[in-house]
Amino acid sequence: MKDFFRHRYSLPIIVISALLLVIIAVKLKPDLKHNPDQMPARLVEFIYAQHIPHRAKATAYGEVKPTTLLQANAEVSGKIVYLHPQLKAGSVLPKDTLVLKIDQTNYQLALAQAKADLAANKAALSELEIQQQNTTTSLKIAQRRLNLGEKELKRKKNLLTQGSISQSSVDNEEKNLLGLRQEVQNLKTQLAVLPAKQEVALAKIAASQAQIRERQQNILRTEQRLPFDSRIGKVLVEEEEYVSPGTPLFQASDMAQVEINAQLPLLHARPLILGIDQIKHAWDDARQSQSFIDNIHLEAKVTMVGGPPEAHWPARLVRVGESLDPISRTVSFVVAVDKPYEKIIPGKRPPLLSGIYTQVELLAQPQLRLVIPRKAIHQNKVYLVNAENELEIRPVTLAFTQGELAIIEHGLTENEKVIINDLIPAVANIPLKPIHKQDYQNSIQQQAATGETTK
């Protein structure tokens, strides 16, 4: 035996023999099997998988901005001669209030000059019209004299033939006739150019009228009136200050409406429009953008972040962003709040001022969906009670999750029993003792119908 252990092949032979013994022992060992008949039934709670009305909900955040912001700029140059005493940041002023006025003196003088030019041009036109009438009358008289002259020349030529008058008498008559013809021609020329002169006069009148309108408009531009009920922002000028066209004067926001540009991740936006047949083609045509908004029927609520519980307002969706934000990879949902300054409760519900950071809740219309508790999902699988009251483990495909709810796209059918409590260990086919939790089923239906989740 000692000689065997001293042999150089003894150690490999021992190792190989040991491995063979282990392999043989494993192969010959009987498989361990779970015998459901020998295991006690596990107590489990379940609800029925059902298609119930569900309202998708998403939450986004954004700052309040006025829907209409007026940046008033000077349209004419001059010295500011009037500022409304309440034209100060934070003041509230009604529509059509005169808040600023620029000196009108130069513009009034320019208007008077334009009116004088108009009067002169109208007088010139009247003079041309009188001249036309006089020239027409003179032409008729000259034409008649010409006709008489031609008859007289003819008569004298006949007398010359008879030898009753001299040649010089005929020559003088021809000379007079040429003078009459020249007079007629001059009058015709004068009449021919008068329409062109009248057109020039009419053009000057039109130019003068345009100057009057422009200078009247300049006078109107010296006054700044509010186009809507306004909350005043920055005031950038002082009384007696000289301003040029384009000089910023003040800012004012429309009090009728504010907007919140809420940024929502695309993944969270998808459930809001999932399954709405009317909007399948709305994205393909920009002209249908309003139709898209109308068809999705989203309800919106705006809440002041960090504010009191009463600080919330009903809102409505007015626009959806045309593209993803390149940095945050979010899509813009713009909601509007009408009359944000109404129903103020001091200390509880302030006005919805520009710059306030808000939470925007978007709630879709109800759709029938297969909804189960989120806690019933175990690594994309659900535990079911089968017809034999045994455990079935089945993979499912989620459409999306919302709070404590999971919306199933594939893998479950109506009225299957979904286990809602944990099973450790979860072994397929073990016997179960199922208990239906009707109260919990009702709670799921309530959460799905309202879009709310339990705290």
Item to check | Residues that are surrounded by 13 or more Cβ atoms within 10 Å (Cβ to Cβ) and either outside the structural domain of Q143 (by TED's automatic domain parsing) or of a type outside the set (A, V, I, L, M) (or both), drawn from segment 189-213 | outcome: Q190, K197, Q198, K204, S208, Q209, Q211
Item to check | Selection count where residues are farther than 9 Å from F46 by Cβ, in contact (Cβ under 8 Å) with a residue 60 or more places away in the chain and not in a strand (DSSP E or B), scope segment 417-437 | outcome: 4
Next on the checklist: So A399 ticks every box in (1) touching a residue at least 40 places away in the same chain (Cβ under 8 Å); (2) in a strand (DSSP E or B); (3) surrounded by fewer than 17 Cβ atoms within 10 Å (Cβ to Cβ) but one. Which box is left unticked?
Outcome noted: (3)
Checklist outcome for this item: Picking from G355, G347, the residue that is more than 23 Å from E259 (Cβ to Cβ) and in a loop (DSSP other than H, G, I, E, B) would be G347
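Quick check on segment 56-70. Is at least one of its residues modelled with pLDDT under 70 and surrounded by 13 or more Cβ atoms within 10 Å (Cβ to Cβ)?
no
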Checklist outcome for this item: Over segment 303-344, the set of residues assigned to a loop (DSSP other than H, G, I, E, B) and closer than 24 Å to D229 by Cα is A311, K339, P340, Y341, E342, K343, I344
Checklist entry - What are the pairs, 6+ residues apart or on separate chains, where a residue within segment 229-240 that is assigned by TED's automatic domain parsing to the domain that holds G78 has its Cβ under 6 Å from a residue that is among the basic types (K, R) and surrounded by fewer than 17 Cβ atoms within 10 Å (Cβ to Cβ)? => result D229/K95
Checklist entry - Which of the residues spanning segment 391-445 are within 24 Å of E361 (Cα to Cα) and in contact with a Phe, Trp or Tyr (Cβ under 7 Å, 6 or more places away or on another chain)? => result I407
Checklist entry - Would you pick out the residues in segment 124-135 that are over 22 Å from E214 (Cβ atoms) and not β-branched (V, I, T)? => result S126, E127, L128, E129, Q131, Q132, Q133, N134
Checklist outcome for this item: Restricted to segment 174-188 and to residues being touching a Gly at 6+ places or on another chain (Cβ under 7 Å) and more than 17 Å from T137 (Cβ to Cβ), the residue surrounded by the most Cβ atoms within 10 Å (Cβ to Cβ) is L177
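Residues checked against (1) out of contact with any strand residue (DSSP E or B) (no Cβ under 7 Å at 6 or more places or on another chain); (2) not in a strand (DSSP E or B):
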residue	(1), (2)
G62	no, no
V76	no, yes
K79	no, no
K88	no, yes
Q108	yes, yes
Checklist entry - Could you list, in sequence order, the residues of segment 56-88 that are within 29 Å of V334 (Cβ to Cβ) and in contact with a Phe, Trp or Tyr (Cβ under 9 Å, 6 or more places away or on another chain)? => result A56, A58, A60, Y61, G62, E63, V64, T68, L70, Q71, A72
Next on the checklist: For segment 84-98: of the residues being farther than 11 Å from S230 by Cα and in contact with a Leu (Cβ under 8 Å, 6 or more places away or on another chain), which is surrounded by the fewest Cβ atoms within 10 Å (Cβ to Cβ)?
Outcome noted: Q86
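Here is a yes/no grid of residues against (1) buried (at least 17 other Cβ atoms within 10 Å of the Cβ); (2) within 21 Å of the chain's Cα centre (by Cα); (3) at pLDDT 95 or above; (4) over 23 Å from A399 (Cβ atoms):
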| residue | (1), (2), (3), (4) |
| --- | --- |
| R225 | no, no, yes, yes |
| L272 | yes, yes, no, no |
| R287 | no, yes, no, yes |
| P309 | no, no, no, yes |
| H312 | yes, no, no, yes |
| R316 | no, yes, no, yes |
Checklist outcome for this item: Restricting attention to segment 333-349, the residues that are in contact with a Leu (Cβ under 8 Å, 6 or more places away or on another chain) and not hydrophobic (A, V, I, L, M, F, W, C) number exactly 2
Checklist entry - Has segment 157-165 got at least one residue that is assigned to a helix (DSSP H, G or I), over 60 Å from the mean Cα position of the chain (by Cα) and β-branched (V, I, T)? => result yes
Next on the checklist: Restricting to segment 307-320, count the residues that are in contact (Cβ under 8 Å) with a residue 40 or more places away in the chain and either small (G, A, S) or more than 16 Å from L264 (Cα to Cα) (or both).
Outcome noted: 3
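The values are calculated or read from the model by the stated rules, or taken from the named source; none is laboratory data. This is a predicted model, so every value here is computed, not measured. Don't worry about glycine lacking a Cβ; one is built from the backbone with ideal geometry, like all the others, and counts go over all protein chains shown.
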